[in-house]
Amino acid sequence: MGQELDTDVCVIGAGPAGLALTLMLLRSGIRVALVERSTGFRRDFHGELLQPAGQRILDELGVLAGAAARGAASLSGFQVLEGEQVLLDIDYGSLPAPYDHLLALPQPHVLRELLAACRRLPGFTLLEGHRIAALLEERPGGPCEGAVVHGPDRAPVTVRAAVVVGADGRFSRTRALAGIDVGRCTSIAHDVVGFSLRAPRCRATGQVRVHRGPGSAVLVHDAHPDRFRVVWALPPGRARAAGREIVDFRRELAGILPQFADLLHAQLTSMADLTVLDVSASHAREWVRDGLVLLGDSAHTHGPIGAQGIDLVLQDAVALHPVLVAALHAGEPTARRLAAYQERRAPAASVLHRTQVVRTRAMFGLRTDLSTVLPAHRGLPDSP
């Protein structure tokens, strides 16, 4: 029959959104079972740029300093360049300290600090290496009463909970099991590949830079430890074109980034060094049902322009926390009670999607007003 577990909230996915929400709920006296399919955070991580808003949330949760101490790169600003010409130069130093910079912070550092903070609190259960297999519903689409998850040995664990929170990313299994339409749309009509380059510290730029080339753009920023993180947006179909070899990519990239040509030629040796990223946008039509909530990328996804992904999902967790606690205390975790979360956060997600479309056009030179690529970093969210 498998194991049975009783809790207040079952969170599916131990990414930044799921772990931040779990920590907030535990501090509010809510029992949480956290389900994570990977073990030891052994999975691919791409986004690691934190805007000031995200830094503030992690700081007020008490984990930013510890995460940064594990290794991070502080970045003073954001530039757009075409050849040697600087088209846009944004200095974050004009913002109030201590959040007067961007931070390239590896996600595993953040997740380990959040998890350590959760482990110190009562009411926490971690189901590591477990995948969600089914939602507990008396009828399809009816009130959710928990989830069935499978461990590494495929043994089922029935988690009975007043609320299930799907925080399992852009390919959310929780959302699929609920039969909720992903609402897929496009924010960037280009292929996007990502990779890292090892580089001595003396090569660091201290900036996030977007280098515009013919029909493409390359985002480069310092990262920890002693490397550059590179995200390259190419014309549609170019990344997957038949017959393309690594020498072709290397030659094209070196033309846009001549200052890094030596690193590119030494380190990009096969197509396996490049990861084609899924940057499609989505906006689920339903974020809440009776006993069920979608959080972060499970509810909405965005392209990489503007480096807003982690900040946005952390702000989602901040917004959901008081709504969820109030619903649990009232004994009514219904769609009607939980709707306040979607009403607050869905408009912000929609605005960011529309803004990213404009920013993408600006990045590729399709309009001249480059001020539209300004990251939305000035407004700090409410405290956790």
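The values are calculated or read from the model by the stated rules, or taken from the named source; none is laboratory data. Note that the coordinates shown come from a computational prediction; the quantities given were computed from them, not determined experimentally. Here the Cβ is made from the backbone with ideal geometry for all residues, glycine too, and neighbour counts use every protein chain on show. Accessible surface areas use protein heavy atoms only, side chains included; no ligands, DNA or RNA. Shrake-Rupley method; radii C 1.70, N 1.55, O 1.52, S 1.80 Å.
So the values come out like this:
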quantity: Criterion (open to solvent by 50 Å² or more (accessible area, probe 1.4 Å) and modelled with pLDDT of 90 or more) met by exactly one of Gly179, Gly151, Gly206; calculated: Gly179
quantity: Only one of Ala134, Ala161, Ala147 that is out of contact with any Cys (no Cβ under 6 Å at 6 or more places or on another chain) and of a type outside the set (Asp, Glu); calculated: Ala134
quantity: Those residues of the stretch 105-123 which are more than 21 Å from the chain's Cα centre (by Cα) and open to solvent by less than 40 Å² (accessible area, probe 1.4 Å), in sequence order; calculated: Gly123
quantity: Members of the stretch 1-56 found to be more than 19 Å from Val313 (Cα to Cα) and polar (S, T, N, Q), listed by number; calculated: Gln3, Thr7, Ser28, Ser38, Thr39
quantity: Positions within the stretch 212-224 being over 17 Å from Leu274 (Cβ atoms) and either in contact with a helix residue (DSSP H, G or I) (Cβ under 9 Å, 6 or more places away or on another chain) or β-branched (Val, Ile, Thr) (or both), in sequence order; calculated: Arg212, Pro214, Asp222, His224
quantity: Count - residues of the stretch 188-207 that are of a type in the set (Lys, Arg) and in a strand (DSSP E or B); calculated: 1
quantity: Filtered residue count, the stretch 208-219, keeping only those that are over 18 Å from the mean Cα position of the chain (by Cα) and in a strand (DSSP E or B); calculated: 8
quantity: Index of the failed condition, Gly47 passing every other in (1) modelled with pLDDT of 95 or more; (2) over 22 Å from Leu26 (Cα atoms); calculated: (1)
quantity: Output for the stretch 93-111, where each listed residue is within 12 Å of Val63 (Cα to Cα) and either β-branched (Val, Ile, Thr) or free of Cβ contacts under 8 Å to residues at least 24 places away in the same chain (or both); calculated: Val110
quantity: Qualifying residue in the stretch 75-83 (condition: surrounded by fewer than 19 Cβ atoms within 10 Å (Cβ to Cβ), among the hydroxyl-bearing types (Ser, Thr, Tyr) and modelled with pLDDT of 95 or more); calculated: yes
quantity: Options Arg42, Arg31: the member that is charged (D, E, K, R), surrounded by fewer than 24 Cβ atoms within 10 Å (Cβ to Cβ) and modelled with pLDDT under 95; calculated: Arg42
quantity: Search result, residues across the stretch 13-28 that are open to solvent by less than 20 Å² (accessible area, probe 1.4 Å), out of contact with any helix residue (DSSP H, G or I) (no Cβ under 6 Å at 6 or more places or on another chain) and of a type outside the set (A, V, I, L, M, F, W, C); calculated: Gly13, Gly15, Gly18
quantity: Residue match in the stretch 50-70 (condition: hydrophobic (A, V, I, L, M, F, W, C), open to solvent by 10 Å² or more (accessible area, probe 1.4 Å) and not in a helix (DSSP H, G or I)); calculated: no
quantity: Given (1) in contact (Cβ under 8 Å) with a residue 40 or more places away in the chain; (2) surrounded by 19 or more Cβ atoms within 10 Å (Cβ to Cβ), number of the condition Pro225 does not satisfy; calculated: (2)
quantity: Within the stretch 15-36, tally of residues that are part of a loop (DSSP other than H, G, I, E, B) and of a type in the set (D, E, K, R); calculated: 1
